[in-house]
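Worksheet for the structure shown next.
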Amino acid sequence: MTATTAINTPAWLAAALLDLGQRETGGQNRSPWIATMWARQNLSWLLGQPWCGGAMRRWVEACGLQPPAEAYRAKSWATWGQACGLVRGAVLVFDRQGGQHVGILHSIGTDGRLNVLGGNQRDSVCLLPFGRDRLIATRWPLGVAVPLDEAPTIAASTAASSVNEA
């Protein structure tokens, strides 16, 4: 897979879109899909733990990119690659109660919230709005040109902002 698959759609965002709808079906932080994801990363011992970092690793590796060490930890993505602005495909790290959360910037709502595609969001891979107040890092892979334009603006979501992805 190349770094970009379509206009303004980085390959890791395209990979994440393919997993849209995967969800926990076997209890908290568990499903056959999650178990397979952890097993392919040689991290089966993490089954039952928050899985946003594992999902991000899956999508980045699908493009031939190197994830950070301890990619299963959302906070490890806060120093990965290089800093960037709010561009489509940026890897975003958020504070949350008890830790951090990582996802991919899809778009920006007309209300200013960040529409984030990520794993372990309402127990699934889904697109949710996030307030900017929790954002702690905006990252882009090294060696891949950073787009110049901010992520596209779309109609504001009627969904409540995500507040805890544990």
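Looking across region 67-85, the residues that are in contact with a strand residue (DSSP E or B) (Cβ under 6 Å, 6 or more places away or on another chain), among the hydrophobic types (A, V, I, L, M, F, W, C) and assigned to a loop (DSSP other than H, G, I, E, B) come down to Trp80, Cys84. You will find that of Leu92, Leu114, Leu127, the residue that is closer than 18 Å to Ala160 by Cα and open to solvent by less than 10 Å² (accessible area, probe 1.4 Å) is Leu114 and no other.
Determine whether Glu61 is acidic (Asp, Glu), touching a strand residue (DSSP E or B) at 6+ places or on another chain (Cβ under 6 Å) and on the phi < 0 side of the Ramachandran plot. Answer is no for this residue. Going residue by residue through region 51-58, is there one that turns out to be part of a loop (DSSP other than H, G, I, E, B) and over 12 Å from the mean Cα position of the chain (by Cα)? There is no residue in region 51-58 that is part of a loop (DSSP other than H, G, I, E, B) and over 12 Å from the mean Cα position of the chain (by Cα). Candidates in region 10-39 are the residues that are out of contact with any helix residue (DSSP H, G or I) (no Cβ under 8 Å at 6 or more places or on another chain) and hydroxyl-bearing (Ser, Thr, Tyr); of these, the one that is least open to solvent (accessible area, probe 1.4 Å) is Ser31.
Just checking, which of Ala151, Ala145 is under 25 Å from Gln22 (Cα atoms) and of a type in the set (A, V, I, L, M)?
Only one candidate passes the filter, namely Ala151.
With (1) closer than 29 Å to Leu47 by Cβ; (2) over 12 Å from the mean Cα position of the chain (by Cα) as the list, and Thr153 as the residue in question, which single condition is left unmet? Condition (1) is where Thr153 drops out. When Pro67 is tested against the conditions (1) over 21 Å from Ser161 (Cα atoms); (2) over 15 Å from the mean Cα position of the chain (by Cα); (3) free of Cβ contacts under 8 Å to residues at least 60 places away in the same chain, the lone failure is (2). For the structure I just gave you, tell me whether Leu105 is open to solvent by 60 Å² or more (accessible area, probe 1.4 Å), touching a residue at least 24 places away in the same chain (Cβ under 8 Å) and under 12 Å from the mean Cα position of the chain (by Cα). Spelling it out, it is not the case that Leu105 is open to solvent by 60 Å² or more (accessible area, probe 1.4 Å), touching a residue at least 24 places away in the same chain (Cβ under 8 Å) and under 12 Å from the mean Cα position of the chain (by Cα). Yes or no: region 144-157 includes at least one residue that is under 19 Å from Ile34 (Cβ atoms), open to solvent by less than 40 Å² (accessible area, probe 1.4 Å) and touching a Pro at 6+ places or on another chain (Cβ under 8 Å). Scanning region 144-157 turns up no residue that is under 19 Å from Ile34 (Cβ atoms), open to solvent by less than 40 Å² (accessible area, probe 1.4 Å) and touching a Pro at 6+ places or on another chain (Cβ under 8 Å).
The values are calculated or read from the model by the stated rules, or taken from the named source; none is laboratory data. Everything numeric in this text was worked out from a predicted model, so none of it was measured. Using ideal geometry, Cβ is built from the backbone for each residue, glycine included, and neighbour counts are taken over all protein chains shown. Each accessible area value is taken on the protein alone, full model and side chains, heavy atoms only, with ligands, DNA and RNA left out. Shrake-Rupley method; radii C 1.70, N 1.55, O 1.52, S 1.80 Å.
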